Amino acid sequence: MRVENTAIALRRREPWEAIDLGFAMLREWWRPVYAAWAASFVPVAAALTAAFGNDRWVAAVLLWWLKPVFDRIVLHVLSRAVFGETVSVKRLLREWREYLSPALLAGQLWARVDLARAFDLPVWQLERVSGLSAARRRKVLQKRARYHAVWLTSMCALFEGVMLLGLMLSADLATPVKASSGWMFERLFGAGSPGLDWGIQATLAYATAITAIEPFYVAGGFALYLNRRTLLEGWDIEIVLRHRTARAAAAKALAAAVLTALVLCATPPRSAVAAEAAAETSAKAAIAEVLKGPEFPHFRENRTWRIRWPEWNWPQWLRLSPASGMPRIGWSPGESALALIKLFSWLAAATAVVWLVYRLVRLMPTLVEPPEHPPVLFGLEVAPESLPPDIAGAADALIAEGRVREALSLLYRGALSALAHTRGLALRPGDTERDCLRRAQPTLPREAHAYFGELVTAWVAAAYAARLPEPGRARRLAAAWSTHFARAAS
C-alpha cells in the first residue's frame, strides 16, 4: 500500500471526525458505490421478497443476516476509490474472489453480532488475514477505537429504524381508507391488538432503509480503521517525509545537472542514494526521539474486573405465534413498551445508587484523613522543614547580597508550601506556575491573590527569561510576603 497516493488527506483525527470523513467519502464516491449496491443488493432483495410471498418477514430477516456480504462490496469499491481507482459493475463481478474472502463464513456466524463489525471488516478483507492472526490484529486496532465503532453501529441502527418506521407510516398514510385495515399506530399500540402485520410494504421499506444507511455505516467504519492505522503506523509522518525526500531528490538532480553542464563537479549516483537513505534514516530516528517527549500524548491501559451476569430466563409472555411462526409478544406492543420502560427505569435507578455508593467509598479516605502533600513540587522543595523560619528576612538578605533570583525562588517556594501544607490546596505534579495561580484563587483573599500573581510573574521572568526585577521591587515583594503568607505558614 502506497499511502502517498491516497485521494484523502491522511492525518491524525479524533474518532468522530474520522467517521465524518467516511461519510464525506461516500458523498464523494456515491455513484460507483450505489451502482455496485444496485447490482448486488437489489436483485437479491427482489428474489427473496418473491420467494417468501406468504412469510415476507423471513425475507427481511435474511436481508438483515446477509448485510455483511453486501458490506464487503461497498468496502471493495471505497478502498479502491481511496487510491484513485474506479470500480465499475463489470469489474466488480470479475473481482468477486477479492471481496468474498477470507472469513466470509465467520462474518456470517459469530462475527455477525459483533457491534464493531464495520471496523473489523477491513482487517479481514483488506489485510487478508483470518483466524488467530486476525484476532490478534483486531485486538491491537480496537484499543481506543472499539467504543466509537460500537456507537457507530448503534447510531446507524437507530437511523435505520427511524427510516423504516417513517417509510411504513408514509405508505400507510398513502393507502386509501377502504383498502387499509386500520391506522398503523392504532394497530401497533392499541390495547389487545395482535400487532402489526409484516407485508410486502414493510419488506420494501426495510430494504430501502438498508440501502440508504448501510453504505454510510461501512464508510464510517472504514474511515475509523484508516485513522487508527494512521495513528499507529505514522502514515501522516511518512507522507511528509516522502514528499520532502522527493523534493530534496529533485533539487539534488537539478543541481547535479547544472554542475555537470558547467563541468564543475559530479556526485556519484551511489553516494547520493546512500546519503539520501542515511538522511531519511536519521530523520526517522529524530522524529522517534521527539515523539518520546512529554509534549506528545501517552496512554496507559488499565484492566478491571466485570461481573458476568447469569443467562436471562425469558418470561412466559414471550412465545411463538402459531399463526405466523415468528416470535411475537403476547401483550400488545404498547403494554410491552411500558413494561420495558419500567424495567429500564429500575435499572437506571439501581445503577445510580451503585455509582453513588462507589463515589462515597472513593471519597471517604479524603474526608477522614487530610491529604498528603509531597515534599517536592515541580523540582522545588516545599516541605516546611526545608525552608528557613523567617522566609521574608532570608529573602531580603539574599537581595542585599545581589542574589535576586535565589530570593524570588525562596519566596515562591514559601508561598507554595503555605498553600499546600497549611491551606490544604491540592497541587498536581504537572501544574505550571499559572496553574498554581489559578488553583490558589478560591483559597486566597483578593489582596493575597494579587500579591501571589505579582510574585509568580517576577519568578517566571527570572527563571525562564533571566530578567531580574529591580532590587527595590524585589525588596517590596519580600517585605509584603509576611503580610499574606506568614500567618498561614505559622
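Checking each residue in region 456-490 for being surrounded by 13 or more Cβ atoms within 10 Å (Cβ to Cβ), of a type in the set (S, T, N, Q) and at pLDDT below 85 picks out only Ser482.
Residues checked against (1) in a loop (DSSP other than H, G, I, E, B); (2) surrounded by 18 or more Cβ atoms within 10 Å (Cβ to Cβ); (3) modelled with pLDDT under 80:
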residue	(1), (2), (3)
Arg405	no, no, no
Gly430	yes, no, yes
Asp435	no, no, no
Tyr451	no, yes, no
Glu454	no, no, no
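So is Phe119 surrounded by fewer than 14 Cβ atoms within 10 Å (Cβ to Cβ) and touching a Lys or Arg at 6+ places or on another chain (Cβ under 9 Å) or not? The answer is no for Phe119.
Collect the residues in region 432-447 that are charged (D, E, K, R) and in contact with a Leu (Cβ under 7 Å, 6 or more places away or on another chain), keeping them in residue-number order. Answer for region 432-447, where residues must be charged (D, E, K, R) and in contact with a Leu (Cβ under 7 Å, 6 or more places away or on another chain): just Arg439.
Only one residue in Phe52, Phe83, Phe23, Phe70 is of a type in the set (Phe, Trp, Tyr), within 23 Å of Glu127 (Cα to Cα) and at pLDDT below 90. Which one? Even if it seems obvious, please write down each step before you answer.
Details: Phe52 fails: within 23 Å of Glu127 (Cα to Cα); Phe23 fails: at pLDDT below 90; Phe70 fails: at pLDDT below 90.
Only one candidate passes the filter, namely Phe83.
For region 95-111, check the following and say yes or no: at least one residue is farther than 28 Å from Trp151 by Cα and among the hydrophobic types (A, V, I, L, M, F, W, C). Within region 95-111, one or more residues are farther than 28 Å from Trp151 by Cα and among the hydrophobic types (A, V, I, L, M, F, W, C).
Of the candidates Val123, Val150, Val162, Val113, the single residue that is within 21 Å of Leu231 (Cα to Cα), free of Cβ contacts under 8 Å to residues at least 40 places away in the same chain and out of contact with any Ser or Thr (no Cβ under 6 Å at 6 or more places or on another chain) is Val150.
The requirement of being surrounded by 20 or more Cβ atoms within 10 Å (Cβ to Cβ), closer than 14 Å to Val218 by Cα, in contact with a Phe, Trp or Tyr (Cβ under 6 Å, 6 or more places away or on another chain) and small (Gly, Ala, Ser) is fulfilled nowhere in region 55-71; no residue meets it.
Looking across region 73-94 at every residue that is out of contact with any Phe, Trp or Tyr (no Cβ under 8 Å at 6 or more places or on another chain) and crowded, with 16+ Cβ neighbours inside 10 Å, the one that is nearest to Tyr147 (Cα to Cα) is identified as Val82. Looking across region 397-439, the residues that are closer than 17 Å to Val460 by Cβ and among the charged types (D, E, K, R) come down to Arg405, Glu406, Arg413, Asp431, Glu433, Arg434, Asp435, Arg438, Arg439.
Scanning region 127-175 for residues that are among the hydrophobic types (A, V, I, L, M, F, W, C) and farther than 20 Å from Gly221 by Cα turns up Leu132, Val162, Met163, Leu164, Leu165, Leu167, Met168, Leu169, Ala171, Leu173, Ala174.
The values are calculated or read from the model by the stated rules, or taken from the named source; none is laboratory data. Predicted model, so just to flag it, every value in this text is computed and none were measured. Ideal geometry is used to build each Cβ from the backbone, glycine not excepted, and the neighbour counts take in all protein chains shown.
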